[in-house]
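Written out below as structure tokens is the structure these notes cover.
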Amino acid sequence: MTPEVSAVVVAYRTAGLLPRCLDALDAAAGGLALERIVVDNASGDGTAALVGARAGVRLVSNDTNRGFAAAANQGARVASGRFVLFLNPDARPAPGSLEALVAALRATPEAGLASPRLVWPDGTPQPSAWLAPSLATLAFEALRLWNLRPRSRLDHLESIQGPPFAVPCVCGACLLARPACFDALGGFDERFFLYHEDWDLCLRARVAGWSCLLVPEASAVHERGGSAFQDRADFWRRYTESRDLLIRRHFRGARRPPALLLHRLGLRAQAFAFRVAGRPEESRHVSAARRALPSLTARSRGC
């Protein structure tokens, strides 16, 4: 029987989170036939043995850490479900949420992607949807204006209750994709090793005529405490280079140089804020990541 949903979980040194993620996934599926796939990026922390001991979970093992985008694409290629769910190990969809996401895509043929409301472990809302990046959103971030206007649409879109609604960008922590959309886009862009591959996918989907849905009826706890936060220097390097790539890919012509400049100004402001807060090591990580970025005039392949 063809599964309704194939769930792809990319794991890297998250053996402590994975069992709760998979348990929550089973409850979220409700009555849906579910295929479970874990792609292990050479974690070396017992993930492979954990998955091997769990019935009904298929393991795809990599010899090296290929990054999220490449590993997620691997999982999607072996998936056989009518829909594909990309789920972070630090995310736990609520019971029935997967059914709600599937229902939203079935009811909206022009929608290619759907995501639930994200919440912190204590139940408070977490940003789940955003406007498309623009000079205005980049300036808002660079000037750290969220301190003055924390609920501004330039920071994030509120996850209001109600029926599913179209948004420019959703989070990839728990993302349901229609294969016709995902395959037509060529999957995630594997130049994004980690971070912003979800925004890039959403932006490309919209250009291709697909919409992205936020489904308030569905929710997922997102801890944001996975492997990416274990090495802060690597976190900032991956995050800043992916942000730089996103800007180079989606800002064209005269808009690109000021957008890249705003990104760098924002990193300077972040490093300064860490110094003021008494976190000099974090400040050094941000500054090192900024200095490692290509020049404003450098051209990236495919951009």
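Could you grab the pairs with beta carbons closer than 8 Å, sequence gap of 6+ or different chains, first residue in the stretch 273-285 and free of Cβ contacts under 8 Å to residues at least 60 places away in the same chain, second one of a type outside the set (D, E, K, R) and open to solvent by 60 Å² or more (accessible area, probe 1.4 Å)?
Listed pairs, sorted by first residue: PHE274/PRO280; SER283/PHE272.
Could you count how many residues in the stretch 1-48 are over 21 Å from the mean Cα position of the chain (by Cα), assigned to a loop (DSSP other than H, G, I, E, B) and either closer than 14 Å to ALA173 by Cβ or free of Cβ contacts under 8 Å to residues at least 60 places away in the same chain (or both)?
The total comes to 5.
Hey, can you tell me all the residues within the stretch 168-181 that are farther than 18 Å from TYR239 by Cα and open to solvent by 10 Å² or more (accessible area, probe 1.4 Å)?
Of everything in the stretch 168-181, those that are farther than 18 Å from TYR239 by Cα and open to solvent by 10 Å² or more (accessible area, probe 1.4 Å) turn out to be PRO168, ARG178, PRO179, ALA180.
Say we look at the stretch 246-270 and pick out the residues that are charged (D, E, K, R) and within 12 Å of ARG299 (Cα to Cα); which of these is surrounded by the most Cβ atoms within 10 Å (Cβ to Cβ)?
Top of the filtered list is ARG248.
With the structure loaded, tell me whether ASP23 is open to solvent by less than 20 Å² (accessible area, probe 1.4 Å) and among the acidic types (Asp, Glu) or whether it fails that test.
no
Restricting to strands (runs of 3 or more DSSP E) lying wholly in the stretch 51-121: which have 1 or more residues that are touching a residue at least 60 places away in the same chain (Cβ under 8 Å)?
Values: elements: 57-61, 83-87, 91-93, 111-119.
Those strands (runs of 3 or more DSSP E) span 83-87, 91-93, 111-119.
Could you identify the single residue in ARG299, ARG264 that is closer than 30 Å to ARG204 by Cα and either of a type in the set (Val, Ile, Thr) or at pLDDT below 95 (or both)?
Of ARG299, ARG264, the one residue that is closer than 30 Å to ARG204 by Cα and either of a type in the set (Val, Ile, Thr) or at pLDDT below 95 (or both) is ARG299.
Taking the stated definitions as given, is GLY81 surrounded by fewer than 24 Cβ atoms within 10 Å (Cβ to Cβ) and over 20 Å from CYS171 (Cβ atoms)?
Here the answer is yes, as GLY81 does meet what is asked.
Looking only at the stretch 140-151, filter to residues that are farther than 23 Å from GLU223 by Cα, part of a loop (DSSP other than H, G, I, E, B) and of a type outside the set (D, E, K, R); which one of those is nearest to the chain's Cα centre (by Cα)?
LEU143
Among LEU246, LEU203, LEU157, LEU145, which is modelled with pLDDT of 90 or more and touching a strand residue (DSSP E or B) at 6+ places or on another chain (Cβ under 6 Å)? Give the steps one after another, and end with the answer.
Values: LEU246 fails: touching a strand residue (DSSP E or B) at 6+ places or on another chain (Cβ under 6 Å); LEU203 fails: touching a strand residue (DSSP E or B) at 6+ places or on another chain (Cβ under 6 Å); LEU145 fails: touching a strand residue (DSSP E or B) at 6+ places or on another chain (Cβ under 6 Å).
Being modelled with pLDDT of 90 or more and touching a strand residue (DSSP E or B) at 6+ places or on another chain (Cβ under 6 Å) holds for just one of LEU246, LEU203, LEU157, LEU145, which is LEU157.
Which condition breaks for ASP234 when tested against (1) more than 16 Å from SER287 (Cβ to Cβ); (2) at pLDDT below 95; (3) charged (D, E, K, R)?
It fails just one condition, (1).
Would you tally the residues in the stretch 93-110 being crowded, with 21+ Cβ neighbours inside 10 Å and out of contact with any Pro (no Cβ under 8 Å at 6 or more places or on another chain)?
Looking only at that region, the number is 3.
Taking the residues in the stretch 190-241 that are among the aromatic types (Phe, Trp, Tyr) and under 17 Å from GLY112 (Cα atoms) as candidates, determine which candidate is most open to solvent (accessible area, probe 1.4 Å).
Checked the stretch 190-241; the qualifying residue most open to solvent (accessible area, probe 1.4 Å) is TRP210.
The values are calculated or read from the model by the stated rules, or taken from the named source; none is laboratory data. Computed from a prediction, not measured in an experiment: that's the story for all the values here. Note that we place each Cβ from the backbone using ideal geometry, even for glycine, and neighbour counts take in every protein chain shown. Accessible surface is based on the protein model in full, side chains and every heavy atom, while ligands, DNA and RNA are left aside. Shrake-Rupley method; radii C 1.70, N 1.55, O 1.52, S 1.80 Å.
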